[in-house]
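The values are calculated or read from the model by the stated rules, or taken from the named source; none is laboratory data. The model shown is predicted, which means the values in this text are computed figures rather than measured ones. All Cβ positions, glycine included, derive from the backbone under ideal geometry; neighbour counts span all protein chains shown. Heavy atoms of the whole protein, side chains included, go into the accessibility calculation; ligands, DNA and RNA do not. Shrake-Rupley method; radii C 1.70, N 1.55, O 1.52, S 1.80 Å.
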Amino acid sequence: MSGLDLGADRLPCGAAVDGLLEQVADRARPADPVHQRDCPHCRAALHEFAALWEPVRALAAAEVEPPSDLVTNVMLQVRALTRDGWHAVLAGPLGSTRIATWVSAVIARRAAGRVPGVLLSLGRAGPMAAPATGSLSTGAGPSGSRQRQARGVGVAGGDVVISLEVVVEYGRDLHAVSAAVRREVIRYVEAMTGLTVLEVHVTVVDVET
Amino acid sequence: MHDERGLPDAHLVARAQDGYDEAFELLVQRHRVRAFRLALRLTGNRAEAEDVAQDAFVQAWRSLHRFRGESAFTTWLYRIVTNVGLNRVQRRRETPVDVAAMDLPPVIDGPDRVIEANEALERLASAVTALPFDQRAPLVLHALEGCSYEEVADILKITVPAVKGRLHRARRALASSLRADS
């Protein structure tokens, strides 16, 4: 019969049931190894619980693949929260074209990533986006209104200002890399969006080998 | 998207707080498996887990300015996922668990052993979701996600002895339901 009475606090030998369960589940050290080695109650209980607990380890180890569009869906919502009203507008004879500003940021990031020596880049774009400074982080946060004011939300016209953070390969000339980043960003963003890039602020945040 | 190398969570969080949503995207990318897996174990089905994980990340973005780095970003994220999961579970009030939609490990073994193993995991996953939430959350975080007692206490904002007490009850409940099934 079963050695493990799950309704009781203790086994007939006096060992605490919770202690034994914890011992198996956490692979913890026995509270009383000398007693356990010879006690039939403890041995039976441990044996049974170990078998019952086996699927838990298997479930913990099972691989879980999140839906492939999880990140995209999250970022669509995030950008909808942040960027309402954030469009660059190009007027034309047959209507205007609006380009969400983060599109420029994505293009800028990819352009920067192509520059030799750039290991990682993060882009941010806006009509009057300031370079990354500590003062911005003291605002009300990414969705806070103070920060939006600080970065100037409004009609952007056909101009865009881009801020980029880059991690550069150790040993490179940082000024040369920054200049190349600036050149490439302007080239790609202007070619793909038709917007005028007013400024490109490059912040080198780290160097890595 | 580039990742894993370089920028630690804390740096990306700071940049995201400055308004770089791309920094946040890297964080989502980096932690999506973790968040989704926790949501899946708490809710028991993929469709709901997807909603929970998504809502949790969006909520994380909205409250990012309140994140002060007192605990790790993962701890903070786990807390949000758990809370969103709890809200959802409370709202739906125990509808039957959709076993077919559960996440099971890929087939790698001989067919018989796989079926046996999958059945055991299905039984377990539904036994976990049958636990009351105050036992389920610590059990999932500790036994499945591998968080320490201290981390679980931090995530759930309860004391370490409370975590231990809930885990004791959860282990007993789980053991009896697994035994009843076998």
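Quick check for you: with a 1.4 Å probe and neighbouring chains kept, what is the accessible area per residue of region A:15-102, in Å²? If you can, show how the numbers build up before the last one.
On the way: 4670 Å² over 88 residues.
In whole numbers, region A:15-102 has 53 Å² accessible per residue.
Taking the Cα centroid of region B:1-75 and of region B:119-139, what is the distance between the two, rounded to the nearest whole Å?
If we compute the Cα centre of each part, the gap is 24 Å.
Between region A:63-122 and region A:23-62, what's the alpha-carbon centroid distance in Å?
The distance from the Cα centre of region A:63-122 to that of region A:23-62 comes to 52 Å.
Find how much the distance from A:THR72 to A:LEU198 grows on full extension, using 0.36 nm per residue of separation minus their present alpha carbon separation; answer in nm with one decimal.
42.5 nm
If you take the accessible area of A alone plus B alone and subtract the pair, what total do you get in square angstrom, rounded to 100, with a 1.4 Å probe?
5600 Å²
Show me, for region A:158-175, the HN-Hα J-couplings you get by feeding each phi into the Karplus relation (A = 6.51, B = -1.76, C = 1.60, θ = phi - 60°), rounded to Hz, glycine and proline as x.
x, 10, 9, 10, 10, 10, 10, 10, 10, 9, 10, 4, 4, x, 7, 6, 5, 5
Quick one: 3J(HN,Hα) in Hz for region B:61-72, Karplus 6.51/-1.76/1.60 with θ = phi - 60°, rounded, Gly and Pro as x.
Per-residue couplings from phi come out as 4, 5, 9, 4, 5, 8, 6, 9, x, 6, 10, 5 Hz.
For region B:1-91, count the residues as N, evaluate 2.2 N^0.38 Å, and divide the Cα radius of gyration by that value, please. All intermediate terms of the calculation are to be shown ahead of the outcome.
Details: Rg = 13.0 Å, N = 91, 2.2 N^0.38 = 12.2 Å.
Rounded to two decimals, the normalised Rg is 1.06.
What ³J(HN,Hα) values, in whole Hz, does the Karplus curve 6.51 cos²θ - 1.76 cosθ + 1.60 give for region B:8-14 when θ = phi - 60°, with x put for Gly and Pro?
My calculation for region B:8-14 gives x, 3, 4, 5, 5, 4, 4 Hz in order.
For B:49-61, what's the mean count of beta carbons from other chains sitting within 10 Å of each residue's beta carbon?
Mean shielding count: 4.
Please give the average number of partner chain Cβ atoms lying within 10 Å of the Cβ of each residue in B:66-77, rounded to a whole number.
Per residue, the average neighbour count from other chains is 0.
Averaged over its residues, how many other protein chain Cβ atoms are within 10 Å of peptide B:163-172's Cβ atoms?
What the average comes to for B:163-172 is 4.
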